[in-house]
Structures are given as C-alpha cells and as structure tokens.
Amino acid sequence: MNKRPAANSNNTLSTNKLYTILESISDGVMAVDLDGRVVYFNRAAERITGIARAEALEKPCRDVMNVVNHTCAIEETLRTGEQVINRYVCLLSAAGERTPISVSTALLRNRHREVTGAVETFRDLTQVEELRKSIEGLHSFSNMIGRSKPMSELFETLPLIAASDSNVLIRGENGTGKELVARAIHAHSTRCDKPMVSVNVAAIPETLLESELFGHTAGAFTGARSAHMGRFERADGGTLFLDEIGDLSVTLQVKLLRALQEGEIEPVGAEGPRKVDVRVVAATNSDLPRMIEENTFRRDLYYRLNVVELCVPRLRDRPEDIPLLIDHFIGRFNQLKSKDISGIHPNAMHTLLNHEYPGNVRELENIIEHAFVLCPGGIIRPEHLPRSLRGVTPTPVVQVSGTLEQMEILTITAALKRNSFKRKETAAELGIDPSTLYRKIRKHKIIIPESTETSTG
C-alpha cells in the first residue's frame, strides 16, 4: 500500500479515492498483515509517531507503536478477534517523550469474509490533555476543583483567610472536602513550614481523647508506661485540624477553651501547663448554634473557634462542577490503576448529573472508582456505574458531544437560575456580552421559562 493502487471502476468508492482520504485525515492509520507487520502507514501516522513511512513498513507493529504499560492493540485484535475502542495509551518516542493517544482497532477481511489483517487508527490527544489541565488549573485551588460560583468565591477567600492567623470554623456536610479546605489554609499560611496535625474527634473514644489532644506523663494512669506527646504539642508552631468538633464532650470543651484562651495545655498527670503556639482549624457538619441552645456545646468555645467561618457547598448545589470533577477523577484513577479510560458516555454523564449525591464529592469519587473496576477501557458507560444508579433512564434535553460543552451548558444554566433567568444580569456574572449569552442559549437550546422570556432583565 506504499503506492497508489489502480482505480477500480466497479467500486462505489475507488481505491484511489480511499487512499486520498486516508492520507488527508488527521488521525493516524496503520494496517498490518496476519503476521502483524505494517503494510500501510499514513501521513498522520508519521507525524504522530515521528517515524517515517519507509521506516515503519514491513516492521512488526509493536516496534512501531511503542506504548507505555500496554500490549500492542492491533496484535491483541489479531489474536482475539475483538475490537479495541478508544483505548487511552501513551506513545513513547525514541527520545523518551510521551504522547497521549486514543487507539481503536478492527479486523480487515476480504470479500469472502476471511481475515487478512487488521487496522489501527489513533488520535493525538496532546492538545486535549493540555486543555484539560489548563481548565483544571484555572478552576482549582490546593487539590480542590470547581468552576461554580460558590467554589470560585471560596477560592478567592481562602488566601485572605490563610494569610491571617485567626482560628477558622469550617462547616459542611460529610464528603464535601472540609479537610482539603483546612490543608489549603495551612499550605498558604505563614505556618506552612511547620506541621499540620489532624485529629478526628469522633473517631477516638472519649477516655483516650484528652491524652491524644494534650498528652500525658509517664505513670499518669494505668498503662501509661512512658510519656506521650499530644496533638497540640506536635502541632506547635503549625496548625491543628479538629474534625467533627461537634462530637467533643462538654468536659473536653472546657480544656480546649483554655488552650485557645491561654495558649497553653496541661498534659494528663503533669504538674503544670505548657505553652503552645497553635492555630486551630475546626470542622463540623453539626448545627452548633442549635447545640448551644441545647447546652451541648459551649457558646464561649463556639466564638473562640468561629473567628472566621467558611461554608463548603454541597455537590448538589454546584452541578456545573460535576463534569470537571469526573475528568479529574478519571485522570487520577488512570494513573493509580494503570488503566486507559478516555472519558464518559453522555448517558452515563446524564445519570451522574441528575444524582443527588448525599455523600457529596466523596460519593462521586467512589462512583468513578467503581466504574474503573467494571470498565475494561475506552469510555465509562451506564452499565459500569453502581447498580443503584443504573435504573435512571437518561432523557437528556440537550444532546452534547463532550464534557467541555456540557460544562458550558451547566455553567450558563446555573447562572441563569441564580439570576432568575434575567439574561443581562447573567451575562454580567459570567463576564460575557449579552449578545454572546443569547447566542449560546440558542446554540445549546437552553430552555428559558415562558414567564421570563419577555424579560431580558
């Protein structure tokens, strides 16, 4: 196939025309014979691999397509007869450079349906990966991801809070990422070169928690054979993160209040206090004001902790972040699990966009990890999602072709809802011209409620 074959007038599409098409497309195309030796290598294949056609022809395909951590896809298809569809792999050049590509394969058959070889198409995903990373970089802060208004506001506020040395109370449901917020505060504070020590108050029995927080001396109680340094002392000069602070007993609330007021602690069994310099960041999913009224949480401790308050939004309140988070988790699990998942099917995406997420971001992460167990490669489909989600019949109002377009639709729709579908206010919030917003609404067929259609705001 190195030379243009003669045209066959009996064919609807002549071989000459087919050759011209294959040479003009941007995807690499490689064909092999039954022995797996390259018999065709188009111009795009030369560009993507960096290997000249003359050098590739007659060589085993595995010597031409040197992929990282994977077998040769076209040999796999010859061996099993199974197609490979949109497998995400990295192509390794002779210089050691990696190029992300998407690979698909199929068997070649003659007019008698006999297998004569196989073909592989591959697409350079370098620009797609760079775009994904740039978008993620624009909408992330210290391992937190989001492009929604609530998350953007949080990202803007965090550096200011981190720069102060005030105690912080983080409120939010379980799974929203409260510890990530605490770590971001520490990482961007003047204490970043000192330790950040975490303790989940709810996870430690009350009988041990005092010693765990404040330490104890040798012989302070039965079994205390040696002195133990508590979390406060370990965090000296740095940050102490107290998760689930609402579960702290009233007795220990008094001791914690003293540590905050006086800047000193008293280990169990010690003869006197010890000075500590600790910034406390606490987190809770409890209704502390209600607990104060019920006398289960001290009002004075609440105000000591709540110098600055941060609320981490629920995932169901920021649906436009879901596609971005899915892309992030797919990228991370591809690395952790050495898999080649390239994306998610629109029907599966629709299911995930319509889920309530009582477990928030942590639940979404678990869903994607579950999908990685069932999905052999290519794209995540509805059948790869947890069984509890598979009953949702996708009926998308708008058919979209990819995650970036979905993100734009979700961003515009969420902004319209926040502004009561007043399009001038929505355009101002999004930082675009109203005419641009009108064009995108028409393009994506976003439905505007009839009662607001005559009002442009």
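Each Cα pair under 8 Å and six or more residues apart adds its sequence gap; the mean of these over the residue count of the chain is a relative contact order of 12 percent. Assuming charge only on the beta carbon of Lys and Arg (+1) and of Asp and Glu (-1), the dipole of the chain about its Cα centre is about 1420 debye to the nearest 20.
Shape class for the chain: prolate, because the ratio a/c of the largest to smallest gyration tensor axis (alpha-carbon atoms, square roots of eigenvalues) is 1.5 or more and a/b beats b/c. The string of couplings for region 102-108 from the Karplus curve (6.51, -1.76, 1.60, θ = phi - 60°) is 10, 10, 9, 9, 7, 6, 9 Hz, one whole number per residue in order, with x for Gly and Pro. Principal-axis analysis of the Cα atoms of the chain puts helix 403-418 at an angle of about 50° to the longest axis.
Along region 316-325 the Karplus relation, 6.51 cos²θ - 1.76 cosθ + 1.60 evaluated at θ = phi - 60°, assigns HN-Hα couplings of 5, 8, 9, x, 5, 8, 4, x, 5, 5 Hz to successive residues, with x for each Gly and Pro. Taking the accessible area of the chain, probe 1.4 Å, and keeping the other protein chains in place, the carbon and sulfur fraction comes to 49%.
If amide hydrogens are placed 1.01 Å from N in the peptide plane, which non-local residues have theirs closer than 5 Å to the one on Phe297? Here the answer is Ile292, since their amide H atoms fall under 5 Å of that of Phe297.
Between the listed residues Ser249, His112, Ser198, the Cα displaced farthest toward the positive end of the dipole of the chain, a dipole computed from Cβ unit charges relative to the Cα centre, is found at His112.
Dipole of region 298-340 computed with +1 at Lys/Arg Cβ and -1 at Asp/Glu Cβ about the Cα centre; of Phe329, Leu301, Leu315, farthest Cα towards the positive end is Leu301. Helix 15-24 and the longest principal axis of the Cα set of the chain meet at an angle near 30°. Mind checking the angle between helix 250-262 and the chain's longest principal axis? C-alpha axes, 0 to 90 degrees, to the nearest 10. Value to nearest ten degrees: 90. Computed with every protein chain present, the accessible area of His355 is close to 50 Å² [probe 1.4 Å].
A cut-off of 5 Å between modelled amide H atoms, ignoring neighbours fewer than 5 places along the same chain, links Gly117 with Leu108.
In the context of the full protein assembly, Met144 retains an accessible surface of approximately 10 Å², using a probe radius of 1.4 Å and ignoring ligands and nucleic acids.
Taking all protein chains into account, the per residue accessible area for region 31-122 stands at 53 Å² (1.4 Å probe).
The values are calculated or read from the model by the stated rules, or taken from the named source; none is laboratory data. These numbers come from a predicted model, not from an experiment. Neighbour counts run over all protein chains shown; Cβ positions are idealised from the backbone, glycine included. These accessible areas exclude ligands, DNA and RNA; they are computed on the full protein's heavy atoms, side chains included. Shrake-Rupley method; radii C 1.70, N 1.55, O 1.52, S 1.80 Å.
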